Amino acid sequence: MKIAVFCSGRGTNLQAIIEAVKCGEIKAEIALVISDNRDAYALVRAKEAGIETLVIEPKDFPTRKDFEKEIIKHLERKKIDLICLAGFMRMLSPDFVQRYRNRILNIHPALLPSFKGTQGVKDALEYGVKITGPTVHFVDEKVDHGPIILQAAVEVRDDDTEETLAERIHQEEHRIYPQAIKLFVEGRLKIEGRRVKILNETNNK
Ligand code: GAR
């Protein structure tokens, strides 16, 4: 199975996925890393791991359709089976989602459906929740909305800042994102409406 990872920033989740592939936990190949930001540190991580990287920036295209057409061209060239959004701060169009239906995963730094959007950690902290944590889910046409695969609980401490809380959420992200990808690669995720069932390792039931 061939995976493409889409990133916009630091790429610590990409790094966790790279490690999980390297140690054989995920039996798949990361065939492509795409960034919509040429300064993303994720690109350095990918290159160090010997993975092909592409910078595809929306500003270089007249419309979102053209931007996504360029992405699709490369996904097809590399025969990508699964797309993992890892800190990719951009909405994909309904057409794109349709084309890769149930083959796009995303990680979000809050317990969905709470605190959607680009500031999931800050919003949860400011709201005053006592428990937050990351969500891995399938991507559908709406923002941070598709069926949920895995979540992890992270306690909010009285003295937390956005940075300290984000750090502990990241640790959980780096655990559950590779785990969710492994389940996908092994064909163990069964979507039933909004619910995702995790099939048994041995009999896939
Ligand atoms: C992660 O915390 C991820 O949950 C978040 O961006 C961060 C990327 O970190 N994604 C979103 O907020 C998407 N709405 P990374 O670049 O170090 O993997």
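What follows draws every value from the coordinates through simple rules; no lab data is involved. Predicted, not measured: the structure shown is a model, and the values here were computed from it. A quick note on method: Cβ atoms are made from the backbone with ideal geometry, for glycine too, and the neighbour counts reach across all protein chains shown.
Per-residue HN-Hα couplings for region 139-151, Karplus 6.51 cos²θ - 1.76 cosθ + 1.60 at θ = phi - 60°, whole Hz, x for Gly and Pro?
For region 139-151, the Karplus curve yields 8, 10, 6, 9, 5, 6, 10, x, x, 8, 9, 9, 9 Hz.
Just need the Rg to Rh number for the chain, please, alpha carbons only, Kirkwood Rh. Please list the in-between numbers first.
Values: Rg = 16.6 Å, Rh = 17.4 Å.
Across the chain, the Cα-based Rg/Rh ratio is 0.95.
With all pairs of different alpha carbon atoms counted, what Kirkwood hydrodynamic radius in Å does region 1-123 show?
14.9 Å
Diagonalise the Cα gyration tensor of region 1-45 and give the resulting equivalent ellipsoid semi-axes, square root of 5 times each eigenvalue, largest first, whole Å.
Those come to 19, 11, 6 Å.
With an 8 Å Cα cut-off and a minimum separation of 6 or more residues, compute the relative contact order for region 1-104 in percent.
Numbers: 168 pairs, mean separation 37.9, N = 104.
Once normalised by length, the contact order is 36 percent.
Just in region 122-160: which trypsin sites (Lys or Arg not before Pro) are loop by DSSP and have at most 10 other Cβ atoms within 10 Å?
K130
As an exercise, find the ratio Rg/Rh for region 64-110 from alpha-carbon atoms, using the Kirkwood inverse-distance average for Rh. Show your work: numbers first, answer last.
Values: Rg = 10.9 Å, Rh = 11.4 Å.
Expressed as Rg/Rh, it is 0.95.
What does the convex hull of the alpha-carbon atoms of region 52-139 project to on average, in nm²? It would help to have the intermediate numbers written out before the result.
Numbers: hull surface 26.7 nm².
Over every viewing direction, the Cα hull of region 52-139 projects on average to 6.7 nm².
In a Gaussian network model over the chain where Cα atoms closer than 10 Å are linked, find which of N106, N13, N37 has the largest mean-square fluctuation.
For the chain, modelled as a Gaussian network with Cα springs under 10 Å, the answer is N37.
Show me the GluC sites (Glu not before Pro) within region 99-205 that DSSP assigns to loop and that have at most 16 other Cβ atoms within 10 Å of their Cβ.
Sites meeting the loop and neighbour criteria: E141, E186, E201.
Specify which residue in the list H74, C7, A42 is farthest towards the positive end of the charge dipole of the chain, using unit charges on the beta carbon of Lys, Arg (+1) and Asp, Glu (-1), about the Cα centre.
It is H74, whose Cα lies furthest towards the positive end.
Using just the helices of the chain, give the 222 nm mean residue ellipticity in deg cm²/dmol: DSSP H runs with n ≥ 4 each add -39,500 (n - 2.57), and the total is spread over all residues, rounded to 500.
Taking each H run of at least 4 residues, the total per residue is -10500 deg cm²/dmol.
Scaled to the compact-protein estimate 2.2 N^0.38 Å, what is the alpha-carbon radius of gyration of region 93-138, rounded to two decimal places?
1.36
Hey, quick one: spin label on E126, modelled 7 Å out along Cα-Cβ, who in region 163-185 has an amide N within reach, i.e. under 17 Å?
Residues passing the 17 Å test: 163-166.
What is the P(r) of region 109-205, as percent of Cα-Cα pairs per 10 Å bin from 0?
Computed distribution, short to long bins: 16, 43, 29, 11, 1.
Could you give me the ³J(HN,Hα) list for region 121-126, computed from phi with Karplus coefficients 6.51, -1.76, 1.60 and θ = phi - 60°, whole Hz, x at Gly and Pro?
6, 4, 4, 5, 4, 5
Among DSSP beta bridges lying fully in the chain, give the percent that are antiparallel, nearest 5.
Just about 45 percent of them are antiparallel.
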